[in-house]
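Take a look at the structure set out below.
The values are calculated or read from the model by the stated rules, or taken from the named source; none is laboratory data. Just so you know, these numbers come straight off a predicted model, no measurement behind them. Here the Cβ is made from the backbone with ideal geometry for all residues, glycine too, and neighbour counts use every protein chain on show.
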Amino acid sequence: MPSVSDIAEFLAREFPQTKCTVEAVGNRCAMVRHEVGVAELRPGGTVSGPVLMAVADVALYVAILGEIGIVPLTVTTSLSINFLRRPSASAAIIGECRLLKLGKSLAVGEVSLFSEGSDEPVAHVVGTYSIPPSAR
């Protein structure tokens with residue numbers, strides 16, 4: 001299965017727009033990190049919802065690729081997010097993913113998002129990915 005560096009290289013090549021870095025992958029889990037700067041803030045000085053959703057989406061993708069190999073056409077089919085508390089405007093966002101189901105054609109996972117340094121999640125996400133038939 002691909003290593004952290006394999007997946008990081010793939011993301012850098014195929015998704016250069018992402019600011020997420022892969023911190024860990026394996027055992028049906030993944031952890032990603034996204035630095036927060038002025039571009040990630042919404043009015044009121046908090047991290048924007050789209051940034052949080054993107055971190056969760058990348059965490060799910062990384063966890064799945066860590067299990068099935070680098071299959072670029074594995075795609076999001078649904079993503080549901082619950083915003084729990086205000087994220088810090090001065091701390092990176094950490095996404096911790098755990099796959100709940102990894103089937104032949106669908107994968108389901110949950111992601112807890114944290115402001116780095118805090119044990120309290122800022123959001124909880126559940127997502128489903130479609131795995132192309134040729135991948136399994």
key: Which numbered condition E110 fails, given (1) under 28 Å from S134 (Cβ atoms); (2) of a type in the set (D, E); (3) over 13 Å from the mean Cα position of the chain (by Cα)   = (3)
ask   = Would it be correct to say that L60 is surrounded by fewer than 16 Cβ atoms within 10 Å (Cβ to Cβ) and either assigned to a loop (DSSP other than H, G, I, E, B) or in contact (Cβ under 8 Å) with a residue 60 or more places away in the chain (or both)?
value = no
request  = Pick out the one residue from A24, A91 that is closer than 16 Å to V4 by Cα and at pLDDT 95 or above.
outcome  = A24
ask   = Of the residues that make up the stretch 37-44, is at least one surrounded by fewer than 22 Cβ atoms within 10 Å (Cβ to Cβ), under 23 Å from P132 (Cβ atoms) and not hydroxyl-bearing (S, T, Y)?
value = no
request  = Give the residue that is surrounded by the most Cβ atoms within 10 Å (Cβ to Cβ), with candidates limited to residues of the stretch 63-80 that are under 12 Å from the mean Cα position of the chain (by Cα) and in a strand (DSSP E or B).
outcome  = L79
request  = Take the stretch 45-57 and flag every residue that is crowded, with 24+ Cβ neighbours inside 10 Å and part of a strand (DSSP E or B).
outcome  = V47
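Kindly establish whether A89 is surrounded by fewer than 18 Cβ atoms within 10 Å (Cβ to Cβ) and in a loop (DSSP other than H, G, I, E, B).
Numbers: surrounded by fewer than 18 Cβ atoms within 10 Å (Cβ to Cβ): yes; in a loop (DSSP other than H, G, I, E, B): yes.
Spelling it out, A89 is indeed surrounded by fewer than 18 Cβ atoms within 10 Å (Cβ to Cβ) and in a loop (DSSP other than H, G, I, E, B).
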ask   = Within the bounds of the stretch 13-23, is there any residue that is under 25 Å from T77 (Cβ atoms), out of contact with any helix residue (DSSP H, G or I) (no Cβ under 9 Å at 6 or more places or on another chain) and either touching a residue at least 60 places away in the same chain (Cβ under 8 Å) or not in a loop (DSSP other than H, G, I, E, B) (or both)?
value = yes
